[in-house]
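What follows draws every value from the coordinates through simple rules; no lab data is involved. Fair warning: this is a prediction, and the values are worked out from it, not measured in the lab. All Cβ positions, glycine included, derive from the backbone under ideal geometry; neighbour counts span all protein chains shown.
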Amino acid sequence: MFDSLSSRFSSTFSSLRSRGKISKNDIDATCAEIRQALLESDVALEVVESFVAEIAEKSTTALATMQSGTNQANAIFEIVNASLIEILGGSARRVRFAKNPPTVIMLAGLQGAGKTTLAGKLAKFYADQGNTPLLVASDLQRPNAVTQLQVVGQSIGVPVFAPEAGNGVGDPVKVAKAGVEFAKAKQYNMVIVDTAGRLGVDADLMKQAGDIRDAVHPDEILFVVDAMIGQDAVRTSQAFLDGVGFDGVVLTKLDGDARGGAALSIASLTKRPIMFASSGEKLSDFDIFYPERMASRILGMGDVATLAEQAKKAFDGDTSEKLEAKFARGEDFTLEDFLDQLSAMSKMGSMSKLLGMLPGSAGMKKQIDNFDEGEIVRTKAIVESMTPIERRDPKVLNGSRRSRIAKGSGRAVSEVNNLVERFSAAQKMMKQVRNGAMPAGMAGMGLPPMPAVKASIAPKKKSKSGNPAKRAIEEAQ
Amino acid sequence: MGLFSKFIAKIKGENSFAPADWQDLEGELLASDIGPTLTRELLEAGRKVKSENAQEALMQTLTSHLCDKSRQPLTNPDGTTVVMIVGVNGTGKTTSVAKLASHIKKSGSSVVVAAGDTFRAAAVEQLQTWGQRIAVEVISGKANGDPASVAFDAAKRAKEMKADYLVIDTAGRLHNKSDLMAELEKVKRVVEKISPVNEVLLTIDATTGQNGLAQAKIFSESVNVTGIILTKLDGSARGGIALAIEHELDIPIKWIGTGESEGDLAPFDPDAYIQGLLA
Ligand SMILES: Nc1nc2c(ncn2[C@@H]2O[C@H](COP(=O)(O)OP(=O)(O)O)[C@@H](O)[C@H]2O)c(=O)[nH]1
Ligand SMILES: [Mg+2]
């Protein structure tokens, strides 16, 4: 909906480039563009102002030593990018483990920020690294938040300490305290305390959060914040900083298409590092935070790293592996595989969004906006109207079968014909894949080659642990 | 004194607003999340304001950005009124379903709700707990089941029962996931085999920044949103993105959410909202 900073840059800079030397006025004009773009990305005004002032100063200094307009334009862009990365990641660090376990992590944030899901993701992340986390259900407010945490814990084989059913009953401070004691007694090396969502302006609940903190002495308090948040990020993060304090920030729902400028506001105003990025409803959709990626995202520059990852997620789980196995057996690419690919494709998110992630796509904005997503849906409908035999062996598709399929899917016969043709082309392409030209998942779609993604190799099973908590987790898996 | 009245007072008094005051006003407008474009428009309009009618003129400028569609709830005169609640994750859908059902019940109509979020862990139980609290029947299927079939069964049941209202909860989904948006379309389509869906309410969290526009746009394209529930207005966020949504997409805000209890839902009041933007 907004022109990204990169497309603003493209136009500003192409005019800069055609001029010999960049003047002070040019810098001011560019800074005005940056200002507007950052505001559209939800960066808070005060942060924008100081950021832009810094860019103007650095650019003026740098220009003195530059020759051509082209270099100068690129230099400014680099200054912007580097400054963003510096603010976002200047103080990046990992979770501090307690000298005497358990390491206690407490989550805090607004209602609906995604704390409970995040608790599960953190637990999985650390359990996968050989830790023995215990989840503690201290959100006794939201109806069935406790049940939610229990379901989450069960799905990843991490035990949940939940002595109270919640729904407004029970004391979250006591539960948190008892949870940590339980963890100590049972030798869990990590405790993750889920808490109820609360507003920064709710004095009672902020005090309660402080009480939980004082009861469990967390090694880390993580402020969980939705990447879609706007200007309120300033007031709310300050309220949590004053009310309970926090040591790090987690951004959630990064699989959406919000620019996420609030990350810049929070990092710059609270001086707390953004530590994790949460990007999906699956408990594995979680990673440490990469400042470079966030900088590209705020700039709207095309986040290739994330694109590659999403592609990998969508394809290597089922589709690529299945395809690779088929190839290994020397079998052919069928319409069923094609359908799998299409489903994976729509799982990855909207096509135009995906294309928009590619670098340099600012110039293709028009084409991207015109990209017909309905195409995938229609194609799917056609393939779904075929019988399994037809999908496996499209050669059987005679005229009457084709018209039946057309009727079943509500499409024209010509569209069915068209699909069959495209499929044959894709099939040919897949044969080339066998020779290693591009990753299997991508070929049939006629997409440009992507950075190759290897199916992840499952870590070797270690021998069972002597620690009872750790052993319980290993056995649950 | 709110910034707005401060602004008006200044214009009235000396008819000269110092540059620093303009900066303040810009800051306040931006801080409400109405967005940089609308902010610039409003500042330009503000500069043209004459001293005598300053207050009126500014209110008018802001108000002129609201959409003029009716904010009345849409109903079905010939049977069960079906309301779907949609939106991105965590914006307050399930809570709003409960609040709305409670409101309907209090106003004397019969209502059932459908637990259409079969995806998120314990979402069905969450609505069931609400159902017990407000004494409203909850129609649910099995967890991880097909949301469309739950909604279909609920629509059938509501019709058989001759319930005045059916309110359908749906799973949270990010608007950029086309498979999930297609699923939502299917839910609506399937329900419409039984009864028309009269109202589709989109929950927008008041803390949402400029992304709210994309949310409203894509949800509308997909299931034809007929109104907005602006949730969590009890916090420090002013919910200015809803003004931008009204302005750009012509979708009326119908309800506001102001807390976590069933009574914390109110019809949208344009004047109070506009004043609150600059509070
Ligand atoms: N303060 C406040 N919290 C709300 C409001 N509406 C919902 N919530 C809270 O926001 C969180 C998410 O709500 P929920 O209805 O589960 O969201 P859903 O995921 O969209 O169904 C819960 O903790 C609710 O209690 C509101 O108007 N004000
Ligand atoms: Mg819900």
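For this structure, a couple of remarks:
- Coordinate range along principal axes, alpha carbons of the range A:103-290, Å, largest first: 42, 35, 28
- For chain B, the longest principal axis of the alpha carbon atoms and the long axis of helix B:178-191 meet at an angle near 60°.
- Distance from the range B:139-180 to the range B:92-133 (C-alpha centre basis), Å: 11 Å
- Using the average count of surrounding beta-carbon atoms within 10 Å as a protection proxy, the listed peptides B:162-173, B:60-71, B:256-267, A:175-186 rank, highest first, as B:162-173, A:175-186, B:256-267, B:60-71.
- Residue-count net charge about A:Ala412 - beta-carbon cut-off 12 Å; Lys, Arg +1, Asp, Glu -1: +3
- Each part gets one Cα centre, and for the range A:102-159 versus the range B:201-215 those centres are 26 Å apart.
- Shown in residue order for the range A:267-283 are the 3J(HN,Hα) couplings computed by the Karplus curve 6.51 cos²θ - 1.76 cosθ + 1.60 at θ = phi - 60°: 4, 6, 7, 8, 6, 9, x, 7, 9, 9, 10, 10, 9, x, 8, 7, 5 Hz (x for Gly and Pro).
- Span from the the range A:192-242 Cα centroid across to the the range B:20-36 one, whole angstrom: 26 Å
- Charge sum, other residues only, whose C-beta stays under 13 Å from B:Leu42's C-beta, Lys/Arg counted +1 and Asp/Glu -1: -1
- Pairs from B:Lys162/B:Lys217; B:Lys162/B:Lys232; B:Lys105/B:Lys217; B:Lys69/B:Lys99; A:Lys121/B:Lys142; A:Lys380/A:Lys428 whose Cα-Cα separation, in the structure shown, is over 28 Å: B:Lys162/B:Lys217; B:Lys162/B:Lys232; B:Lys105/B:Lys217
- Too-long pairs where the Cα-Cα distance tops 20 Å, listed order kept, from A:Lys115/A:Lys253; A:Lys24/A:Lys58; A:Lys207/A:Lys253: A:Lys207/A:Lys253
- Peptide A:411-420 has a mean shielding of 0, counted as Cβ atoms of other protein chains within 10 Å of each residue's Cβ.
- Per the Kirkwood formula applied to alpha carbons, the range A:150-216 shows a radius of gyration over Rh ratio, Rg over Rh, of 0.99.
- Seen from a random direction on average, the alpha-carbon convex hull of the range A:85-164 projects onto 6.8 square nanometres.
- Average beta-carbon neighbours from other chains, 10 Å sphere, peptide B:200-212: 6
- Within straight-line cross-link reach of B:Lys159, aspartates and glutamates at Cα separation under 20 Å, skipping those fewer than 8 residues along the same chain: B:Asp78, B:Glu137, B:Asp169, B:Glu192, B:Glu199
- Using a Gaussian network model of chain B in which every pair of alpha carbons under 10 angstrom is joined by a spring, one finds that among B:Phe219, B:Phe152, B:Phe119 the greatest mean-square fluctuation is at B:Phe119.
- Reachable aspartates and glutamates, given that their alpha-carbon falls under 18 Å from the alpha-carbon of A:Lys407 and they are not under 8 places away in the same chain: A:Glu375, A:Glu384, A:Glu390, A:Glu415
- Kirkwood Rh, Cα atoms: Rg over Rh of chain B: 1.04
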